[in-house]
1. Would you confirm, using the coordinates I've provided, whether Asp100 is at pLDDT 80 or above and of a type in the set (Asp, Glu)?
2. Taking Leu9 as the residue in question, decide whether it is modelled with pLDDT under 90, open to solvent by 90 Å² or more (accessible area, probe 1.4 Å) and of a type in the set (A, V, I, L, M).
3. Looking at (1) out of contact with any Leu (no Cβ under 9 Å at 6 or more places or on another chain); (2) under 23 Å from His88 (Cβ atoms), can you tell me which one Phe52 breaks?
4. Among the residues of the stretch 47-72, write down those that are under 20 Å from Ser87 (Cα atoms), open to solvent by less than 70 Å² (accessible area, probe 1.4 Å) and either part of a loop (DSSP other than H, G, I, E, B) or of a type in the set (Ser, Thr, Tyr) (or both).
5. Where residues in the stretch 12-46 are open to solvent by less than 60 Å² (accessible area, probe 1.4 Å) and modelled with pLDDT under 80, which of them is farthest from Ser91 (Cα to Cα)?
Amino acid sequence: DGKKITKILVGTRGSEIYELATKSGNFLLVHEGHFQGELWGLACHPNDPDIFATCGDDKTVRIWSIEMHRLLRKVTADCTMRAIAFSHDGSEIIIGCGGDASGEKGRKDE
């Protein structure tokens with residue numbers, strides 16, 4: 001129909017979606033998610049209903065915005081995580097570490 005394609009969406013094995021500008025070659029991360037094993041923990045912020053946190057087998061803690069539909073922050077740890085909670089005032093996040101999908105013990109399980 002004569003229209004030019006100006007952007008291409010690219011999905012990766014790591015659950016990321018990038019927007020690639022065909023003219024400039026610039027790319028922008030538009031979405032990412034947990035990508036390995038299972039999601040184990042989810043916690044809602046006690047004072048801000050827009051914010052929630054997740055953790056799991058991919059060794060990441062992720063902070064999300066419901067209203068903006070996006071990831072706000074990601075931290076990578078050195079072990080899998082099984083539980084997550086905010087402190088009573090929401091200023092801290094508590095993580096339960098250890099275990100993996102195979103049932104094998106890790107160094108944090110000892």
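1. Details: at pLDDT 80 or above: no; of a type in the set (Asp, Glu): yes.
No.
2. Numbers: modelled with pLDDT under 90: yes; open to solvent by 90 Å² or more (accessible area, probe 1.4 Å): yes; of a type in the set (A, V, I, L, M): yes.
For Leu9, the condition - modelled with pLDDT under 90, open to solvent by 90 Å² or more (accessible area, probe 1.4 Å) and of a type in the set (A, V, I, L, M) - is met.
3. (1)
4. Asp48, Asp50, Thr54, Thr60, Ser65, listed by residue number.
5. Among those residues, the one meeting the criterion is Thr12.
The values are calculated or read from the model by the stated rules, or taken from the named source; none is laboratory data. Everything numeric here is computed off the predicted structure, so don't read it as measured data. Cβ sites come from the backbone with ideal geometry, for glycine too, and all protein chains shown count toward neighbours. Each accessible area value is taken on the protein alone, full model and side chains, heavy atoms only, with ligands, DNA and RNA left out. Shrake-Rupley method; radii C 1.70, N 1.55, O 1.52, S 1.80 Å.
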